[in-house]
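Just dropping this structure here.
The values are calculated or read from the model by the stated rules, or taken from the named source; none is laboratory data. Fair warning: this is a prediction, and the values are worked out from it, not measured in the lab. Cβ placement follows ideal geometry from the backbone for every residue including glycine, while neighbour counts extend to all protein chains displayed. When the accessible area is computed, the model is the full protein with side chains, heavy atoms only, and any ligands, DNA or RNA have been set aside. Shrake-Rupley method; radii C 1.70, N 1.55, O 1.52, S 1.80 Å.
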Amino acid sequence: MTTQEQHMASAGPNEPQQSGEQLRQMLPELNPARPTIAEIARRAGVNKSTVSRALRDDPSIPQATRQRIQDLAAQLNYVPNASARHLNHARTDTIALVSRALNLDTGAGSADPFLVELLAGIADEAASHHFDVLLVRAEEGERELGVYQRILGGRHADGVILTDLRPNDHRLAYLCRHRYPHVLFGRSAEDLAEARLYPYPWAEVDNRSGARIGTEHLIGLGHRRIAFIGGGDTYHWERDRRAGYREALARANLPYDPRLCIPSGISQKDGYLLTQQLLSWEEPPTAIFAISDVLAVGVMRAALDAGVQVGPAFSVIGFDGLGLGSYLTPPLTTLRQPINEVGRILVQLLCAVLRGTPPEEPHVFLQPELIVRASTRGY
């Protein structure tokens, strides 16, 4: 029995049986004629190169022409042949994001929500430029450069976004030597003037200014023993936040106590254990500046378990402005980074590099915003 006969036999007594012709009309065409760039060019009265660039939203094509060609492509249900495009132009229409945050142990509650918010901005902006995003787990030590060698050598992406920049970062020398398109989330050198000479774009949040403002906020509440916990001395952003903390103390003529500055820890668990240690001192701090919101979550839980009320008398502040902070009890005061905007800017800068058109502002320095909530001002 044929498939059609089986279908007709299975129909109930009250169901109309459909003929083979009717069934064929209900099925989509298996081999529809695909419109081509040549067909679009013929109908638009332009050459194929103009069509190709207009479909990539190339600004060198006048806006009216781009719109007309894009509208025509939509009417014809044009779908680009990805394999042919990559073969002809040696492009993948993919950008890579390499992040150490992918290395964290999610099972231990250490997954970084910062990466999720950053990736949302990157993915949205990449989609608007018809790019996919490749997430790559960072390696450390001797194997680190191998990640970039695989991306570059295998042509897995047209360009890459680097994070966690550090002094004398050997990744930069490698990518520059091979002229591989890239942008940086963070500056290339500790000295800002030197960083502005780097041949590829970067975007960064002013971590030093943000930490200074946050510490000044705590000092303004009357705190004199302020602990600064988390991070390390490896990355520019860590150094900058610690420098901002010390700068605020110096401006207020407060002594710097190295015991109150603990350069370790990145997770909620770290924040919890460090706070337990600080609260056990004979003279504990009256405020804690956590280097990230994630760390601050552990700080607040440790205070709660110790019976310490978080607010004006014992204040906690974080850095990042993650959505989770507003749902804590009490809600967390923080320095909000425009994380989503940073992601979009990084993609825009990388697209400019890939087009060969230098961006108007290749070095973007954004300011964080102090968001005061109940963890420092009380209920």
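Determine which single condition Pro338 fails, assuming it passes every other condition in (1) over 22 Å from Val372 (Cα atoms); (2) touching a residue at least 40 places away in the same chain (Cβ under 8 Å).
(1)
Here is a further query. Which residue pairs have Cβ atoms closer than 7 Å, lie 6 or more positions apart in sequence or on different chains, and pair a first residue in the stretch 362-379 that is over 13 Å from Ser315 (Cβ atoms) with a second residue that is among the aromatic types (Phe, Trp, Tyr) and surrounded by 15 or more Cβ atoms within 10 Å (Cβ to Cβ)?
Hits for this filter: His363/Trp202.
Here's another thing I want to ask about it. Kindly provide the set of residues from the stretch 140-177 that are among the small types (Gly, Ala, Ser) and without any contact (Cβ under 8 Å) to a residue 24 or more places away in the chain, ordered by number. Walk me through how you get there before you give the answer.
Step one: list which residues in the stretch 140-177 are among the small types (Gly, Ala, Ser), which gives 141, 146, 153-154, 157, 159, 173.
Correct list: Gly141, Gly146, Gly153, Gly154, Ala173.
Does Thr234 count as closer than 24 Å to Thr94 by Cβ, polar (S, T, N, Q) and touching a residue at least 40 places away in the same chain (Cβ under 8 Å)?
Values: closer than 24 Å to Thr94 by Cβ: no; polar (S, T, N, Q): yes; touching a residue at least 40 places away in the same chain (Cβ under 8 Å): yes.
When the stated conditions are applied, Thr234 does not pass them.
Then there is this: Could you tell me whether any residue of the stretch 76-85 is of a type in the set (Gly, Ala, Ser), at pLDDT below 80, open to solvent by 70 Å² or more (accessible area, probe 1.4 Å) and closer than 30 Å to Gly356 by Cα? Talk me through it step by step, then tell me what you get.
Let us first name the residues in the stretch 76-85 that are of a type in the set (Gly, Ala, Ser), namely 82-84.
In the following step, the residues that additionally are at pLDDT below 80 were identified as 82-84.
Filter once more, so that each one left must be open to solvent by 70 Å² or more (accessible area, probe 1.4 Å): 83.
From what's left, closer than 30 Å to Gly356 by Cα: 83.
Yes, that holds for at least one residue.
How many of the residues making up the stretch 310-327 are at pLDDT 95 or above and within 26 Å of Trp281 (Cα to Cα)?
Adding up the residues that qualify gives 7.
A quick yes/no check of all residues on (1) acidic (Asp, Glu); (2) at pLDDT 90 or above:
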site: Leu118; (1), (2): no, yes
site: Ile122; (1), (2): no, yes
site: Val133; (1), (2): no, yes
site: Glu139; (1), (2): yes, no
site: Leu152; (1), (2): no, no
site: Asp164; (1), (2): yes, yes
site: Pro167; (1), (2): no, yes
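Would you be able to tell me the number of residues in the stretch 263-281 that are over 26 Å from Tyr327 (Cβ atoms) and modelled with pLDDT under 95?
Qualifying residue count, the stretch 263-281: 2.
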